[in-house]
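Q: Okay, handing you the structure first.
Derivation of every value follows stated rules applied to the coordinates shown; laboratory data play no part. Since the model is a prediction, treat every value here as computed from it, not as a measurement. Ideal geometry is used to build each Cβ from the backbone, glycine not excepted, and the neighbour counts take in all protein chains shown.
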Amino acid sequence: MKTRNIVIIVVIALVLLIMGGSCRNMYNKMVTLREQVSREWANVENQYQRRLDLIPNLVNTVKGYAKHEQEVFTRVVEARANATKVTLNAENLTEENMQQFRTAQGEVSSALSRLLAVVENYPDLKANQNFLELQSQLEGTENRIAVERRKYNETVTQYNSYIKGFPPLIFARMFGFTEKPYFNAEPQAERAPVVEF
């Protein structure tokens, strides 16, 4: 009888130990995945910041050639200023905050498109080495933004899939791991902007 009680206690202890280890592993994986989402979001922000940093040089270069295009310059500067006001970090990634960020960045893209359309009217500017270099950097940055957004979305998929699975779902709710939003394109993104000269 005494041996039987010891066996039962040992079996219960082993089961609790295995369950505890499993719970710890699930929790640690959720933390790791959430940190990966944070890292990828920081990479997205970094590329958008790089684009914002290029804008003043681009505007000043174009201004030297197209002084009477003040309305376009004003729109670019205002869009840049508005975009810098929308701060979004990994802790406040919600669908609503993400939409505000996308809208602000969309305004920057639209203003830059208008600025680059103005350039078509100035052949000397299109041949300016400084402008060409800035334009090349801007194009490269746009490509980097697309790559980082894709990586972010892939990481969010892994994280969201894991915390929605069973049994991690139980622990995710218990420890406050919530779903992260995807970085989706704006509804008008599939349509090319109309450029009129």
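Q: Could you check the spin-label model distance between Asn28 and Thr94? Points 7 Å from the Cα along Cα→Cβ, value in nm.
A: Those two pseudo-labels are separated by 3.3 nm.
Q: Using 0.36 nm per residue of separation minus the Cα-Cα distance, give me the extension gain between Ala81 and Val10 in nm, one decimal.
A: Working: separation 71, 0.36 × 71 = 25.56 nm, distance 6.53 nm.
Result: 19.0 nm gained on full extension.
Q: Kindly identify the chain as rounded, prolate or oblate by the Cα gyration tensor criterion: order the square roots of the eigenvalues as a ≥ b ≥ c, call it rounded if a/c is under 1.5, otherwise compare a/b with b/c, prolate if a/b is larger, else oblate.
A: On the way: a/c = 4.45, a/b = 3.83, b/c = 1.16.
Note, shape of the chain comes out prolate.
Q: Only sites in a loop by DSSP and with at most 13 other Cβ atoms within 10 Å count here; which trypsin sites (Lys or Arg not before Pro) in the stretch 20-116 make the cut?
A: Listed in order of number, the matching sites are Lys67.
Q: Tell me what the chain gives for mean residue ellipticity at 222 nm when only DSSP H runs of n ≥ 4 count, each as -39,500 (n - 2.57), the sum divided by the residue total, rounded to 500 deg cm²/dmol. Walk me through the numbers before you get to the answer.
A: On the way: 6 runs with 154 residues, N = 197.
When only DSSP H runs of four or more count, the value is -28000 deg cm²/dmol.
Q: Continuing with this model, one more query. Calculate, for Ser113 and Lys164, the FRET efficiency according to 1/(1 + (r/R0)^6) with r their C-beta to C-beta distance and R0 35 Å; round to the nearest 0.05.
A: My answer for the efficiency is 0.40.
Q: For the chain, what is the charge dipole size about the Cα centre, in debye to the nearest 20, if Lys and Arg each add +1 at the Cβ and Asp and Glu each add -1 at the Cβ?
A: 1220 debye
Q: Once each part is reduced to its C-alpha centroid, what is the distance from the stretch 19-39 to the stretch 83-103 in angstrom?
A: Taking the Cα centre of each part, the stretch 19-39 and the stretch 83-103 sit 25 Å apart.
Q: Label Gln49 and Val147 with points 7 Å out from Cα along Cα→Cβ: what is the distance between them in nm?
A: 1.9 nm
Q: Evaluate the distance, in nm, between pseudo-label points positioned 7 Å from the Cα of Gln129 and of Asn57 along their respective Cα→Cβ axes.
A: So the two model labels end up 1.4 nm from each other.
Q: Where does helix 95-119 land angle-wise versus the long Cα axis of the chain, in degrees 0 to 90, nearest 10?
A: 20 degrees
Q: Here's something else I'd like to know. Please compute the Kirkwood hydrodynamic radius of the stretch 1-100 from all pairs of different C-alpha atoms, in Å with one decimal.
A: 18.7 Å
Q: What is the total of Lys pairs in the chain with C-alpha atoms under 19 Å apart, excluding same-chain pairs fewer than 8 positions apart?
A: Step by step, the pairs that qualify in the chain add up to 7.
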